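The values are calculated or read from the model by the stated rules, or taken from the named source; none is laboratory data. Only a predicted model underlies this, so the values are computations on that prediction, with no experimental measurement involved. Every residue, glycine among them, receives a Cβ derived from its backbone with ideal geometry; neighbour counts consider all protein chains shown. Heavy atoms of the whole protein, side chains included, go into the accessibility calculation; ligands, DNA and RNA do not. Shrake-Rupley method; radii C 1.70, N 1.55, O 1.52, S 1.80 Å.
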Amino acid sequence: MQSQVKLKLQRIDYVQVSSLKSSSVQLLPAKGAKHQQKVAIGDQRGKLQLVSIKKGEPFVDFKIDLKSPINCVTILVNNNEPTLEMIVTATAQTVQCFSVKGKLIFKMDTNLVEPIQHLWMASKEEMAVFNSYVYNHYQNGKETNYFLSTDRINAVAVLPLNKVPSLTPLLGCQDGTIYSLRDSAVRHRLPLDGIPTAMQLFQNDGGTSGEWVVYGTSLGQIGLVRWSRAGPAVEWVMQLPSQTTVTSLDFYDLSDSGANQLIIGREDGFVDVYQVSPEDGAMRSPTLIFSQNCNDSIAVVRGGIVGAAGFPEILVATQRGWIFGLTSCESMMRRKQTDEVSAARTNTHTSERQKHLQYLKSEVEFLEKQVKEAQNNKSSILVSDIEAMGTSAQVNVTAKMNFVAQQNAYFVVVESQVSINFILVQSNTNVQLMDIERNLAILSLMDSKRNGAFQLTATFRCQSNTTRLEMKLICNERSTSDLVQLYVSLNIQQPRLAILKSFPLVCLCRHVRCHPFEWSASTPYGSLTLQGGFSKADAHNWIASCLPDIPDKVPSDEEIHFYFRNDQWQTKLAVHYRRGEIVFLSDNAVALSYVRDFISREATAKSVPLVMNADMTWEATKILLQQVYSQLLNLTHLHRANVLALALEEAATDQLAQDATDDWMTAEFQDIVHAAKEKQPFNNIYPVEEYQNFLLDLFVCHREFHGELEVRSSQKFSSLEKMLTGTARTEDLVELFRFENLLSTVA
């Protein structure tokens, strides 16, 4: 492997279109080794265009209105005539092929129910289409293979037919698994730590064997896998600098080293380039050689030669429609200005300085005039377009909410093609809203007593030209399902627009869906069984309101299984349901209590009688009690150490301490100060009160599961509150819980 060379790339903006999907921008093959490539773009307003860059300026070769959002664009190259490539698009349920001059060559209606999200095409006679849940393989226009996924399909890849014996599609699904298909059935499964969101053939051709694939996940991981006949074999997995979603992957030689680099686009706006081994299966960790924040969520990254012949670059497309390049070649405008300045300096003789200053003055005036004209043109074009569309203008605003288990918080990202004026946040549940330092906005929280029906009301007042805003939400688990509503007001005068974005907050909002597990003998658990005259669809809807990442569609299996974990309490939960029966298994009595209360209310509202049977073992409660209380004692100790460290720091800055000798602070005190600084973020994420409240809820649920009522007004509950505010022994807490358990058993 060659020595690593750091890349030096700069951004050059090309064009802005409507919002884009992760597979809606492609580069046409280059006519020569160093020739420029054209860019095929399909946006969400249905516009397909082919763009080429000439002298640093974009030139539209053709532009077609397909009337429907374009979710996928790919390039089909004829092996017999490589120069006659076709641009293939997927709009709604239709696949269309266009020539490089914009002429329609081929069209096929797949008759699917949902829009096509992913497309693979080897020729007009063989192609595969994927929507949110279904895979279809067509040969000569006839359906050959079909597969219905149990969860949403996020990313796909197809092994090259010229290297593998049969068609092998790979499906990255929302359940955190990559499925390898053979004909119409699952051949192999690969469970991942995160949700697969992007896949790309290694070196763009699958390597020597055609079986190597790189994937990216929602938690910011990338990995290399070989999909052989024996099954998937993970070669390496690497965590990126931040736990944000990987949206796009590509390989290209950006350094003229003869080896392709791995290009990664992320949802937080970063474009990273890693040097990887060109050899198949080489156990070498990728090395970061370039990283840049583009300030917009990345939709597509492609390596190629676009802006200038002979200069490799990264073509980047953001989700809100910006198309730009990261290249080692300077922009044409900058080179033009440099040439003009050089010419002015050459022609000056006796009055060189005076003429040069006059030239710079005229340049400043010219640039100011250009800026004003550009602002006026942009504003007039935007207003005219919106007025032409009417009051139902489709101004694209995207909002996403993802749960980060390591911080027990939801992160919300709002992006708009038009600058944002302000965002109003409302929720009818107790949610803690936190600002992000990189935001260009001012957060204002309204007093909870004046919120009316909402427990949270807040506004983000954005600075000018703000098109992206992030926020952090912290919400505890409870027995209700609520919504977080965002009203996004844009800087548009006519008509004034406010776009509503809503996100559900389920009961067990801090649970994370995981892969199937088996209960061990050392992990006792309780059960909650609900039986009644409800349908499988009713059961699915109730569970979707209790737990996150449940598929929108009801799975076709007769009995359905989902598995979850809570990283904060280190507990697990399994749910199995079918028509007329739901079974929850968990070592967390609080979680079982929340779902019992919620489903009871929902069933009562629908007049569906339920029969409930609960069995929460004392062993499970005892283990959870000891585990959480041990964490609470550690946090209490850290909190007291922080208080002492703060006092020591104040003493260090006091005038008396300054007059004292340098060794006035003992080594023990110095260790306390250093330890408090290192563990301060941990205390901010997990406050002591949260652990105390959970243990109180555990105590209440433990008693309620044994038939006792009015627990919170009892003397034992008051005693528990006092014990948790101090540093009682673990044995005393266990005895308090055990005593109640024995009472309920005797009763």
Check the stretch 2-11 and report whether any residue there is open to solvent by less than 20 Å² (accessible area, probe 1.4 Å) and under 30 Å from the mean Cα position of the chain (by Cα). no
Filter the stretch 429-451 for residues that are open to solvent by less than 70 Å² (accessible area, probe 1.4 Å) and outside any strand (DSSP E or B); which is modelled with the lowest pLDDT? Asn451
Please identify the pairs in which a residue from the stretch 516-533 that is more than 17 Å from Val590 (Cα to Cα) has its Cβ atom under 6 Å from the Cβ atom of a residue that is open to solvent by 50 Å² or more (accessible area, probe 1.4 Å), counting only partners at least 6 apart or on another chain. Trp519/Tyr525; Gln531/Val611; Gly532/Pro609
Residue identified as acidic (Asp, Glu), more than 33 Å from the chain's Cα centre (by Cα) and open to solvent by 10 Å² or more (accessible area, probe 1.4 Å) among Asp61, Asp65: Asp61
Within the stretch 171-188, take every residue that is assigned to a strand (DSSP E or B) and without any contact (Cβ under 8 Å) to a residue 40 or more places away in the chain and give me the one that is least open to solvent (accessible area, probe 1.4 Å). Cys173
What's the number of the only condition in (1) more than 27 Å from the chain's Cα centre (by Cα); (2) closer than 24 Å to Leu201 by Cβ; (3) part of a loop (DSSP other than H, G, I, E, B) that Ile116 fails to meet? (1)
Only one residue in Ser248, Ser257 is open to solvent by 10 Å² or more (accessible area, probe 1.4 Å) and either farther than 30 Å from Gln417 by Cβ or at pLDDT 95 or above (or both), so which one is that? Ser257
Per the filter on the stretch 522-545, residues touching a Lys or Arg at 6+ places or on another chain (Cβ under 7 Å) and open to solvent by 40 Å² or more (accessible area, probe 1.4 Å) are Lys536
From the set of residues in the stretch 270-310 that are assigned to a strand (DSSP E or B) and β-branched (Val, Ile, Thr), which is most open to solvent (accessible area, probe 1.4 Å)? Thr287
Looking at (1) in contact with a Gly (Cβ under 8 Å, 6 or more places away or on another chain); (2) within 20 Å of Val77 (Cβ to Cβ); (3) β-branched (Val, Ile, Thr); (4) open to solvent by 30 Å² or more (accessible area, probe 1.4 Å), find the lone condition where Ile195 falls short. (2)
When the residues of the stretch 725-747 are narrowed to those that are of a type in the set (D, E, K, R) and modelled with pLDDT under 80, which ends up most open to solvent (accessible area, probe 1.4 Å)? Arg738
Considering only the stretch 138-158, state which residues are part of a strand (DSSP E or B) and not aliphatic (A, V, I, L, M). Tyr138, Gln139, Lys142, Glu143, Thr144, Asn145, Tyr146, Phe147, Asn154
Among Ser556, Ser545, which is among the hydroxyl-bearing types (Ser, Thr, Tyr) and under 24 Å from the mean Cα position of the chain (by Cα)? Ser545
Just checking, does the stretch 72-79 include any residue being part of a strand (DSSP E or B) and not β-branched (Val, Ile, Thr)? yes
Inspect the stretch 96-112 for any residue being in a strand (DSSP E or B), free of Cβ contacts under 8 Å to residues at least 12 places away in the same chain and open to solvent by 10 Å² or more (accessible area, probe 1.4 Å) and give the result as yes or no. yes
Counting only residues that are polar (S, T, N, Q) and open to solvent by less than 30 Å² (accessible area, probe 1.4 Å), how many does the stretch 601-640 have? 2
Quickly run through the stretch 546-573 and pick out the residues that are in contact with a strand residue (DSSP E or B) (Cβ under 8 Å, 6 or more places away or on another chain), open to solvent by 70 Å² or more (accessible area, probe 1.4 Å) and farther than 13 Å from Leu508 by Cβ. Ser556, Glu558, Glu559, His561
Report yes if some residue within the stretch 37-57 is open to solvent by less than 20 Å² (accessible area, probe 1.4 Å), free of Cβ contacts under 8 Å to residues at least 60 places away in the same chain, over 26 Å from Ser416 (Cβ atoms) and not in a loop (DSSP other than H, G, I, E, B); otherwise report no. yes
Subset of the stretch 678-724 [modelled with pLDDT of 85 or more, more than 16 Å from Trp569 (Cα to Cα), polar (S, T, N, Q) and open to solvent by less than 80 Å² (accessible area, probe 1.4 Å)]: Ser714, Ser718, Ser719
When only residues in the stretch 568-619 that are closer than 28 Å to Leu632 by Cβ and of a type in the set (Ser, Thr, Tyr) count, which is modelled with the lowest pLDDT? Thr617
Can you say whether Glu470 is without any contact (Cβ under 8 Å) to a residue 60 or more places away in the chain and either assigned to a strand (DSSP E or B) or in contact with a Lys or Arg (Cβ under 7 Å, 6 or more places away or on another chain) (or both), as far as the supplied structure shows? yes
Of the conditions (1) touching a Cys at 6+ places or on another chain (Cβ under 9 Å); (2) open to solvent by 20 Å² or more (accessible area, probe 1.4 Å); (3) among the aliphatic types (A, V, I, L, M), Leu76 satisfies every one except a single condition; which number is it? (2)
Looking only at residues in the stretch 490-521 that are at pLDDT below 90 and in contact with a helix residue (DSSP H, G or I) (Cβ under 9 Å, 6 or more places away or on another chain), which one is nearest to Thr621 (Cα to Cα)? Leu497
Can Val276 be described as at pLDDT below 90 and either of a type in the set (A, V, I, L, M, F, W, C) or within 22 Å of Leu219 (Cβ to Cβ) (or both)? yes
What number of residues within the stretch 448-502 are polar (S, T, N, Q) and within 30 Å of Asp597 (Cα to Cα)? 10
I'd like to verify a number: residues in the stretch 499-513 that are in contact (Cβ under 8 Å) with a residue 60 or more places away in the chain and more than 19 Å from Asn402 (Cβ to Cβ), how many? 1
Need the failing condition index for Gln200 against (1) at pLDDT below 95; (2) open to solvent by 40 Å² or more (accessible area, probe 1.4 Å); (3) within 14 Å of Thr247 (Cα to Cα), just the number. (1)
